[in-house]
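The values are calculated or read from the model by the stated rules, or taken from the named source; none is laboratory data. Because the structure is a prediction, the values reported are computed rather than measured. Glycine gets a Cβ as well: all are built from the backbone with ideal geometry, and neighbour counts include every protein chain shown. We work out accessible area using only protein heavy atoms, side chains counted, and drop any ligands, DNA or RNA first. Shrake-Rupley method; radii C 1.70, N 1.55, O 1.52, S 1.80 Å.
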Amino acid sequence: MSETAEWGNVCSRVDTCALTGAAAFFTGIKGAEVLVNGPLWCYFYALRHLEKSNSRLGERFHGSQPDNNAVVYGTEECLTDALDYIRENRAPSILLIENSCSVSLIGDDIEGIASKAKLPFSVIGMDSGGLRGGFAEGYSKASIRLWQYLDLPDIKIKCRLGVNLLGATTAYFNGRNDLEEIKRILETANYRVIAVPGAGSELETLQKIPAAQLNIVINEELGLETAKYLKERYGTPYVVAGIPYGLKGTLRWLEKIAEVLPSDLESVREECVKTQEELLAAVNEARCTWGELWFDKIIVAAPGTTAFCIAQTLREEWADTEKLTVICQNTLKDLWEPVEADEILLAEKDSKKIEKILQQADNTLILGSSSESSVLLREGKNFWCCNIAYPVQDEVLLATAPFAGIRGAGHMLQRLWNLKIKAQLPY
Ligand code: SF4
């Protein structure tokens, strides 16, 4: 946990712990498996979060279930039992063994125990849990551990217009659909997406990561440290692009990438113009009947990159408001500057102020999660809720429509307009 973090935030309120983040990265590698060396509580805490985007995750996600004695005297016996099970029943391309908070304190040599088990696959061990930080810290640390372990040789002949996407995850709300749209836009602009570590690429594909001409960081809080590591190791430049929301936002996002690795963006520009015309016609009709898309106050609350990128697009393209407050789960460096928010708060250090703002919010649009809307509900406030982050208890999202990119621009406008319209209906 970082020095300023409050325990309640890291373990239970708006964020999940490093154990979940590390598991998200490794289970995001096709064929990789994860063994949680910690109590059942930690295992199910992570599983419950991660299986939302992968219903078959339980097959690749294991637990050693140490009892109270093991938590004091060492986990070798239960860890060896779990490894025996995996050796006999599974064939992972690589296995992450991650210690929970309590087991991290014992100092078991988990890689040593794994080597005694003579496993026919690679094993990486790491301490995780809330003591190591939140989801982002766990994801980022697991990613760097993988590259250090693989220590891939450099590939001198780079793939023309080849890019890797760093810090992408399907464990964020609607993350899988957003990632598909991001890849589609890049491919429309003639880029070749080589690898997406932690979000679908298999171990074999990850060996080609040094072949890229550019690393694109999608979620800064998840991918920036890996980008820095890969730049140092292979000299690959990187750009912190964020998530492309809205039509202007998508073009700006792509132009930022093209500044470092130029490509032909014409097809994407044409698609944006065509979509813009369609959206404008639909929005003008809605305006005539229902008025402007105006909300007295808007609060955006989400993981850092999602929060900043959504806030920027709200201001520029989507809705008007008197006051825009951004609450983010992570501090950002590169994406922080351009956001024109009236107030920016950090979940890990401003929790008292955030609680007060939520308790006093009325006639407010919440672009966040059920964590924020439940506070307003409890306080009996009038509000609209558009979920953009987990946890989500009041919406089922089954369609393959993204929030990000060109297709996402229409989807998000549709969600915002429908909130506004429904609020004016007498039924
Ligand atoms: S590893 Fe620690 S922070 Fe994570 S679920 Fe277990 S007890 Fe909570």
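For region 269-424, the Cβ-based charge dipole about the Cα centre amounts to some 360 debye (Lys, Arg positive; Asp, Glu negative; other atoms uncharged). Set the bar at 29 Å for Cα to Cα. Now go through LYS256/LYS352; LYS52/LYS116; LYS323/LYS422 and name every pair that lies beyond it. LYS256/LYS352; LYS52/LYS116, as the Cα separations exceed 29 Å there. Taken about its Cα centre, the chain carries a charge dipole of about 560 debye when Lys and Arg each add +1 at the Cβ and Asp and Glu each add -1 at the Cβ. Fully extending the segment from LYS256 to ARG90 would add 55.5 nm, taking 0.36 nm per residue of separation and subtracting the current Cα-Cα distance. Taking amide hydrogens as placed 1.01 Å from N in the peptide plane, the amide H of ASP127 sits under 5 Å from those of ASN99, each at least 5 positions away in sequence or on another chain.
Cross-link partners of LYS118 among aspartates and glutamates, defined as those whose alpha carbon lies under 19 angstrom from its own and excluding same-chain residues fewer than eight positions apart: GLU33, GLU76, GLU77, ASP81, ASP84, GLU88, GLU98, ASP108, ASP109. Based on DSSP H runs of at least 4 residues, each adding -39500 (n - 2.57), what is the mean residue ellipticity at 222 nm of the chain after dividing by all its residues, to the nearest 500 deg cm²/dmol? It lands at -14000 deg cm²/dmol.
Applying 0.36 nm per residue to the separation of ASN418 and ARG48 and subtracting their alpha-carbon distance, the gain on full extension is 130.2 nm.
Considering all different alpha carbon pairs of the chain, the Kirkwood hydrodynamic radius works out to 22.5 Å.
Near SER201, the amide H atoms lying under 5 Å from its own belong to LYS30, VAL196; only residues 5 or more places off or on other chains count, and H is placed 1.01 Å from N.
Beyond 21 Å, what percent of the Cα pairs of region 7-150 remain? Cα-Cα pairs of region 7-150 separated by over 21 Å account for 36 percent. If I fit a long axis through the Cα atoms of helix 40-50 and take the longest principal axis of the Cα atoms of the chain, what angle between them do I get, 0 to 90°, rounded to 10? The angle comes out at about 40 degrees.
Of the residues VAL273, VAL239, VAL217, the one that moves most in a GNM of the chain with alpha-carbon contacts below 10 Å is VAL273. Given a 1.4 Å probe and the protein chains as shown, VAL72 ends up with an accessible area of around 100 Å².
Quotient of the Cα radius of gyration of region 349-427 and 2.2 N^0.38 Å, N being its number of residues: 1.19. Only protein heavy atoms count here; on that basis, with a 1.4 Å probe, SER55 has an accessible area of about 110 Å².
To the nearest 10, the accessible area of TYR229 is 60 Å² with a 1.4 Å probe. Straight-line reach from LYS158: taking Cα to Cα under 18 Å and skipping same-chain neighbours fewer than 8 places apart, the lysines in range are LYS208, LYS231. Sites count as exposed loop sites when they are GluC sites (Glu not before Pro), lie in a DSSP loop, and have at most 13 other Cβ atoms within 10 angstrom; the longest stretch of the chain without one is 4-291. Converting phi to 3J(HN,Hα) with the Karplus coefficients 6.51, -1.76 and 1.60 and the offset θ = phi - 60°, region 121-126 yields 9, 6, 10, 10, x, 7 Hz in sequence order, with x at every glycine or proline.
Its Cα centre serving as origin, region 66-131 has a Cβ charge dipole (Lys and Arg +1, Asp and Glu -1) of approximately 240 debye.
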